[in-house]
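For reference, the structure discussed in these notes is given below.
Readers should treat all values here as calculations from the given coordinates under stated rules, not as data from a laboratory. Nothing here was measured: the structure is a model prediction, and the numbers come from that model. Cβ: placed from backbone, ideal geometry, glycine included. Neighbour counts: every protein chain shown.
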Amino acid sequence: MRVRRATLADAPALTAFGRRLFGQTFAPENSPGDLGAYLDETYVEARQLAELADPQVETLLVEDGEALIAFAQLREGAPGSGVTGGRSIELWRFYVDFDWHGRGVAPLLMRAVEDAARARDAVTLWLGVWERNVRAQAFYRKQGFTVVGSQIFTLGSDPQRDLVMAKGV
Ligand SMILES: CC(C)(COP(=O)(O)OP(=O)(O)OC[C@H]1O[C@@H](n2cnc3c(N)ncnc32)[C@H](O)[C@@H]1OP(=O)(O)O)[C@@H](O)C(=O)NCCC(=O)NCCS
C-alpha cells in the first residue's frame, strides 16, 4: 500500500472512484435526484481535471498495487464556521473503499493529509461532515478532531447540516 500525490493523469480513475464511493456512502439516505445532480456536477472528468490542476487543492491517493483504494483532498480557503487557531486548511474530501474500512487505510491516509497540511504551513486542519454520517464522525474523533461549529452543505436541492470539526496539526 502506498500514498502518493495525484497527477492530471489520475482524473479518469479519480472521477470513477469518487462517483462510486460518494454514491455508496450517501445513496441510502438521499433521493436519487439530489444525489445524481451532485454527482453530475462534481464527479465528471472535466471538474476533476480542473481540481487536480488547481494549486489550492492537493489530492492524495492510496493504492494497493495498481488499485485505487482511497483518496483525500485538501483545499486552501476561508476557514469553516467556528474554526480558530491560526492558519487553517480544509480536509475537503476523504474516502476509503468499503472493502478497506476498519483496516488501517484511513489512519494511514490521515497521516499523509496532516503532513501535506503542515507542508502548506497550516496549523489547523478542519472539515465538514454530515450530521448523519456517524461512522466518519467516530473516525474523526478517534483522530483527535472535535466539533467546533456547523455549516450547510447543499446536495442537489437539499440543504443539509454538516458538523465542522477541527484539530491542530
Ligand atoms: C470515514 C472513513 C474514512 C473512516 O475510515 P474507517 O476505516 O471506516 O474508520 P475506522 O474503522 O478506523 O473508524 C470508524 C469508527 O466508527 C465506528 N462505527 C462504524 N459504524 C458505525 C456506526 N454506524 N455508528 C457509529 N460508529 C460506527 C467503528 O466501529 C470505528 O470505531 P472503533 O474503531 O472505535 O470501533 C470511511 O468509513 C469511509 O471512507 N466512509 C465513506 C466515505 C465517508 O463517509 N467519508 C467521509 C466524508 S466527510
Quiz item: Rounded, prolate or oblate: which fits the range 27-91, taking a ≥ b ≥ c as square roots of the Cα gyration tensor eigenvalues, rounded meaning a/c under 1.5, else prolate when a/b beats b/c?
Solution: oblate
Quiz prompt | Least to most buried among Asp115, Asp121 (fewest other Cβ within 10 Å first) | solution = Asp121, Asp115
Quiz item: Which one of Leu14, Leu108, Tyr95 is farthest out on the positive end of the charge dipole of the range 2-168, using unit charges on Cβ (Lys, Arg +1; Asp, Glu -1) and the Cα centre as origin?
Solution: Leu108
Self-check item: Helix-only CD estimate at 222 nm, as mean residue ellipticity for the chain, using -39500 (n - 2.57) per DSSP H run (n ≥ 4)
Solution: -11000 deg cm²/dmol
Practice problem: Treat the count of other C-beta atoms within 10 Å as a stand-in for reagent exposure and order Ser150, Ser88 from fewest to most. | Solution: Ser150, Ser88
Self-check item: the range 2-168, relative contact order in percent, only Cα pairs under 8 angstrom and at least six apart counted
Solution: 21 percent
Quiz item: What ranking of Met110, Met1, Met165 emerges when the number of other C-beta atoms within 10 Å of each C-beta is taken as an exposure proxy, fewest first?
Solution: Met1, Met110, Met165
Quiz item: Could you state the per residue volume, in Å³, of the convex hull enclosing the Cα atoms of the chain?
Solution: 107 Å³
Quiz item: Cα convex hull of the range 5-44: how many Å³ per residue?
Solution: 59 Å³
Quiz item: Which stretch or stretches of the range 34-55 have amide N atoms under 20 Å from the point lying 7 Å from Thr154's Cα along the Cα→Cβ direction?
Solution: 34-44, 47
Quiz item: Suppose R0 equals 35 Å; then what is the FRET efficiency for Arg20 and Val169 from their Cβ-Cβ distance, rounded to the nearest 0.05?
Solution: 0.75
